[in-house]
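Accompanying notes for the structure given below.
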Amino acid sequence: MMTGEESWWRPLRIVDGIRIFHVDLAPNAEHETRAAAWLSAEELERRSRFWIDRARRDFTLCRAAVRVMLCEQLGCANTRLSFGFGDHGKPFAILNGLRVPVSFNVSHSAPHALIALSSERRIGVDVEMREARRDIDGIAESVFGADERKALASTGGDDKVRLFFRLWTMKEALIKALGTGFSLAPDRFEVPSAMIRDVDSGIFRFPHLPADTWRLEDLGESRFAAALAYDVSAEDR
Ligand SMILES: CC(C)(COP(=O)(O)OP(=O)(O)OC[C@H]1O[C@@H](n2cnc3c(N)ncnc32)[C@H](O)[C@@H]1OP(=O)(O)O)[C@@H](O)C(=O)NCCC(=O)NCCS
């Protein structure tokens, strides 16, 4: 970000031209102070309303990283940049009053966050720490479809935890790419059957939106489960 200073994010991968960055959310007062300096008055006000340290840190470090990335990509001053929000809260960047032709999406699951950055595609990213203590079967009952639940029921131990978070992140990446978030019930669609267990990349269509085509990519690794979804409808036409 600033020459000679260490930044708290690093390039992680590039998928089909979409740049994925890893953000280190470990507590670090110096990083947080430097990040806060990038925020607008409105963002600082939002920041002041977080009463959980971790949530305040996650927002501050990620939003500042997004600002630095967008300023670099667009060649603009930070003060010219602001954000608008879709119907369900998905943020997008605005420069000089106009929506910019660069899209981004953020996900945090401390101590890790991912930021995906793309030119104009609709994108969604999700990252989750694999926490074994969650009520996996209970959650799966309400958010997974029949084939997803069947695959989970036939799996045990650590493999079950891995499968749960693999499916969870793929489904959340899709609803974040669409922009609805959980206002679209996640049991209304299932990840492509080949991707439930083994295949790491595939094509997907929401049953209620068959004209839109998405590519889904598992980004999971030893530190976390993660997935990316992005619109490829235009390429199909
Ligand atoms: C979007 C959503 C799925 C995120 O879930 P989560 O697991 O808590 O959070 P993640 O860390 O993966 O993602 C959070 C980031 O997603 C982005 N985001 C927020 N709303 C989003 C949406 N509708 N679609 C895509 N991305 C969204 C934001 O950048 C947010 O980070 P920030 O607030 O620090 O900028 C969830 O908040 C949701 O369902 N929101 C929609 C709620 C809704 O429909 N409200 C209706 C009234 S507005």
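No lab work stands behind these numbers, since they all come straight from the coordinates. Every value quoted in this text rests on a predicted model; they were computed, and no experiment measured them. So basically every Cβ, Gly included, is an ideal-geometry build from the backbone, and we count neighbours across all protein chains shown.
Calculated mean residue ellipticity at 222 nm for the chain: -11000 deg cm²/dmol, from DSSP H runs with n ≥ 4 weighted as -39500 (n - 2.57), summed, divided by the residue count and rounded to 500. Checking every one of the chymotrypsin sites (Phe, Trp or Tyr not before Pro) in the range 35-91 against DSSP loop status and a limit of 10 other Cβ atoms within 10 Å picks out TRP51. Here the Karplus curve 6.51 cos²θ - 1.76 cosθ + 1.60, taken at θ = phi - 60°, turns the phi angles of the range 220-226 into couplings of x, 8, 4, 6, 6, 8, 6 Hz, with x standing for Gly and Pro. Per-residue 3J(HN,Hα) values for the range 69-78, derived from phi via the Karplus relation 6.51 cos²θ - 1.76 cosθ + 1.60 with θ = phi - 60°, read 4, 5, 4, 5, 5, 8, x, 10, 7, 4 Hz in sequence order (x marks Gly and Pro).
Amide hydrogen proximity for ILE18: with H placed 1.01 Å from N in the peptide plane, no residue at 5 or more positions away or on another chain lies under 5 Å.
Structural descriptor for the range 42-120: relative contact order 20 percent, calculated from alpha carbon pairs under 8 angstrom and at least 6 residues apart. Across the range 101-114, rounded Karplus estimates of 3J(HN,Hα) from the backbone phi angles (6.51 cos²θ - 1.76 cosθ + 1.60, θ = phi - 60°) give x, 10, 10, 8, 8, 10, 9, 10, 8, 3, x, 10, 9, 10 Hz, Gly and Pro being marked x.
Under a point-charge model restricted to the Cβ atoms of Lys and Arg (+1) and Asp and Glu (-1), what is the dipole moment magnitude of the chain relative to its Cα centre, in debye to the nearest 20?
Using only the charged Cβ atoms, the result is roughly 400 debye.
Within the range 1-69, the GluC sites (Glu not before Pro) that combine a DSSP coil assignment with at most 14 other C-beta atoms in a 10 angstrom radius are GLU5, GLU6.
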